[in-house]
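Asker: Please see the structure below; I have some questions.
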Amino acid sequence: MSQEYTRGDKLAEGKTKAIFQAVGQEEGLVIVANKSEITANDDPSLTRKFAKKAEYATATTCRVFDLLKACQVPVAYRQQLSETEFLAAASDMVPLEIVARRLAVGSFLKRNPHLRTEDSKNPKRFHQLLVEFFLKTTGGEFGRFSMPNYAGQDKPIDDPLIVDPYAKQLVLAHPKAPDWETDTVDGEFPVIDASLVGCSSIEEADKLVRWVSLVLEKAWALLGVTWVDIKIEIDSLLRVSDVVDNDSWRLWKKGEQLDKQVFRDGGEGALDEVERKYGLVARLAEQLTLPRQALVIWTGSEKDEVSEIPKWPGVEQKRIVASGHKSTNQALCQLERLFHEYPQGGVIVAKVGRSNGLGPMLAAHSPWPVISIPADVKEHPENLWSSVAMPSYVPNLTAWPQGNAIGAVAQILAMTNPAVYAIDQMRREKLDGDYLA
């Protein structure tokens, strides 16, 4: 453990982790200690252990939070302290479990069986991430409210679905059965006043979970892994808190499930396989990183104006002034310095007016995409052809106005940058809506 912080009083303990007051240089922090237990189906009798569960959970959580912090996502996490512990800001947790889904699997299909596909390995894909809110309960209790039992069982229903999280009075429903099956519940769900949940903004909570999900969707995709869905908990300051580990999501790799579902399906007999897969995910999580890229705005003259460019995590902006006509050798030397400084690549935007020699020259010599903006196309539309009519092997792209060029930059960088992908995809999904629902 880090010498800066030691365990103080135990503040809370659950099935998979314990939380201690952190004693050290800064107040208001806690130490989260993961445990070796793995749970299934909210049934304590199914809880089991495997030797490296705490180590794998901690490694996965810390690498995920390191990535989210780099992408400027608000998180309570501070740093890893040991193989099984990490430091975080003390959090007033909101009693919600928020689930984001890209594919229709699991409990969602139990509630919506009409969306089941014939091939379970090719489920329905949501064009817009589907985000659902569940009320977090303990033993079927939420304050003075009690949840009904599963039909025919002496077992309360935990974590019911909130039908409309934006309503002032929250109507609850069975989390694993369609609402038309009225015989699945013994009794009725209470109606809860939304103020009792204590979430300052459902809209912001929804946005936060989408942001996290899209970052992880791209980050895992870059490692050849399909991100399917995730369950996230937040605190009253609208930060991702608690843990995000292999119990939190579904991950598939070439049709193989890498997550907790293996334990849900196989129970104790699958523990060896579960341990292997949790170890694989923990090792893969070490590669969840944000690249260092460049967005180069290149003009032929200091007089060429460049309006404000958005700032993205992991993307450094460079301004270069060098004429493609008059200082070709200088421009080529500048290119070589860029390739050396940014081995993970970037995009060059050439903003030029008359006779675009700069963009084509750069495109012929650069492995990076080059996008030319014909700056004076309104006044001199004939100049457009110097950006469009290219000889062979001169892939100079042309976009106008500047906003379209920057949009293309975002799409290119998003191919390998999870932060840019999340920002760009959130805009796109909001624009499109769930038209494929």
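Asker: Listed residues Gln287, Gln261, Gln293; which is within 24 Å of the chain's Cα centre (by Cα) and more than 21 Å from Val225 (Cβ to Cβ)? Explain how you work it out, then say what you get.
Answerer: Values: Gln287 fails: more than 21 Å from Val225 (Cβ to Cβ); Gln261 fails: more than 21 Å from Val225 (Cβ to Cβ).
Exactly one of Gln287, Gln261, Gln293 is within 24 Å of the chain's Cα centre (by Cα) and more than 21 Å from Val225 (Cβ to Cβ), namely Gln293.
Asker: How many of the residues in the range 182-197 are of a type in the set (Val, Ile, Thr), surrounded by 12 or more Cβ atoms within 10 Å (Cβ to Cβ), more than 28 Å from the chain's Cα centre (by Cα) and farther than 17 Å from Asp154 by Cβ?
Answerer: Step one: filter the range 182-197 for residues of a type in the set (Val, Ile, Thr), giving 182, 184-185, 191-192, 197.
Still in the list and also surrounded by 12 or more Cβ atoms within 10 Å (Cβ to Cβ): 184-185, 192, 197.
Next, from what is left, pick out any that are more than 28 Å from the chain's Cα centre (by Cα): 184-185, 192.
After this cut, where a residue has to be farther than 17 Å from Asp154 by Cβ as well, the list is 192.
Number of matching residues: 1.
Asker: Go through the range 311-329 and report how many residues are assigned to a loop (DSSP other than H, G, I, E, B) and surrounded by 14 or more Cβ atoms within 10 Å (Cβ to Cβ).
Answerer: Kept after step one, since they are assigned to a loop (DSSP other than H, G, I, E, B), are these residues of the range 311-329: 311-314, 322-327.
Checking which are surrounded by 14 or more Cβ atoms within 10 Å (Cβ to Cβ) leaves us with 312-314, 322-325, 327.
Adding up the residues that qualify gives 8.
Asker: In the same structural domain as Gln330 (by TED's automatic domain parsing) and in contact (Cβ under 8 Å) with a residue 24 or more places away in the chain, is that true of Pro369? Outline the logic, then answer.
Answerer: Numbers: in the same structural domain as Gln330 (by TED's automatic domain parsing): yes; in contact (Cβ under 8 Å) with a residue 24 or more places away in the chain: yes.
The answer is yes for Pro369.
Residue-wise test of (1) within 18 Å of Ile297 (Cβ to Cβ); (2) out of contact with any Lys or Arg (no Cβ under 9 Å at 6 or more places or on another chain); (3) not in a helix (DSSP H, G or I).
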| site | (1), (2), (3) |
| --- | --- |
| Glu336 | no, yes, no |
| Ser355 | no, yes, yes |
| Asp376 | yes, no, yes |
| Glu379 | no, yes, yes |
| Ser386 | no, no, no |
| Gly403 | yes, yes, no |
| Gly407 | yes, yes, no |
| Ala422 | no, no, no |
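Asker: So, of the residues in the range 216-246 that are modelled with pLDDT of 90 or more and acidic (Asp, Glu), which turns out to be nearest to Leu290 (Cα to Cα)?
Answerer: By that ranking, first place goes to Glu217.
Asker: Please go through (1) crowded, with 16+ Cβ neighbours inside 10 Å; (2) of a type in the set (D, E, K, R); (3) at pLDDT below 95 for Asp179 and return the number of the only condition it doesn't satisfy.
Answerer: Of everything listed in (1) crowded, with 16+ Cβ neighbours inside 10 Å; (2) of a type in the set (D, E, K, R); (3) at pLDDT below 95, Asp179 misses just condition (1).
Asker: If you don't mind, another one. Tell me the residue from Arg102, Arg125 that is within 23 Å of the chain's Cα centre (by Cα) and closer than 19 Å to Ile232 by Cα, please. Walk me through how you get there before you give the answer.
Answerer: On the way: Arg125 fails: closer than 19 Å to Ile232 by Cα.
None of the others qualify; the one that does is Arg102.
Asker: Quick check on my filter: what residues within the range 362-380 are buried (at least 23 other Cβ atoms within 10 Å of the Cβ) and hydroxyl-bearing (Ser, Thr, Tyr)?
Answerer: Scanning the range 362-380 gives a single hit, Ser372.
Asker: OK, next. Are there any pairs, at least 6 apart or on different chains, whose C-beta atoms fall under 7 Å, with the first in the range 331-344 and on the phi < 0 side of the Ramachandran plot and the second β-branched (Val, Ile, Thr) and outside any helix (DSSP H, G or I), and if so, which?
Answerer: From the range 331-344, the pairs are Gln334/Ile320; Leu338/Val296.
Asker: Within the range 345-358, restricting attention to residues that are touching a helix residue (DSSP H, G or I) at 6+ places or on another chain (Cβ under 6 Å) and touching a residue at least 60 places away in the same chain (Cβ under 8 Å), which residue is farthest from Leu222 (Cα to Cα)?
Answerer: Among them, the one singled out is Val349.
Asker: With respect to the numbered conditions (1) over 30 Å from Phe134 (Cα atoms); (2) buried (at least 16 other Cβ atoms within 10 Å of the Cβ), which one is the sole condition not fulfilled by Val244?
Answerer: (1)
Asker: I'd like to know if the range 388-399 contains one or more residues that are in a helix (DSSP H, G or I) and either surrounded by 15 or more Cβ atoms within 10 Å (Cβ to Cβ) or not charged (D, E, K, R) (or both). Even if it seems obvious, please write down each step before you answer.
Answerer: Within the range 388-399, the first condition is being in a helix (DSSP H, G or I), and the residues that meet it are 388.
So of that shortlist, the ones also either surrounded by 15 or more Cβ atoms within 10 Å (Cβ to Cβ) or not charged (D, E, K, R) (or both) come out as 388.
Yes: one or more hits.
Asker: Continuing with the same structure: Would you be able to say whether some residue in the range 285-306 is in a helix (DSSP H, G or I), buried (at least 21 other Cβ atoms within 10 Å of the Cβ) and aliphatic (A, V, I, L, M)? Walk me through it before giving the result.
Answerer: So in the range 285-306, the residues in a helix (DSSP H, G or I) come out as 285.
From what's left, buried (at least 21 other Cβ atoms within 10 Å of the Cβ): 285.
In the following step, the residues that additionally are aliphatic (A, V, I, L, M) were identified as 285.
Checked against the condition, which is being in a helix (DSSP H, G or I), buried (at least 21 other Cβ atoms within 10 Å of the Cβ) and aliphatic (A, V, I, L, M), the range 285-306 yields at least one hit.
Asker: For the subset of the range 134-184 comprising residues that are among the polar types (S, T, N, Q) and part of a loop (DSSP other than H, G, I, E, B), which member is nearest to Gly106 (Cα to Cα)?
Answerer: Kept after step one, since they are among the polar types (S, T, N, Q), are these residues of the range 134-184: 137-138, 146, 149, 153, 169, 182, 184.
Of the ones still in play, those that are also part of a loop (DSSP other than H, G, I, E, B) are 137, 153.
Values: Thr137: 20, Gln153: 22 Å.
Per the stated criteria, the residue is Thr137.
The values are calculated or read from the model by the stated rules, or taken from the named source; none is laboratory data. What you see is a predicted model, and the numbers here were worked out from it, not measured in a lab. Here Cβ is always computed from backbone atoms with ideal geometry, including for glycine, and neighbour counts include all displayed protein chains.
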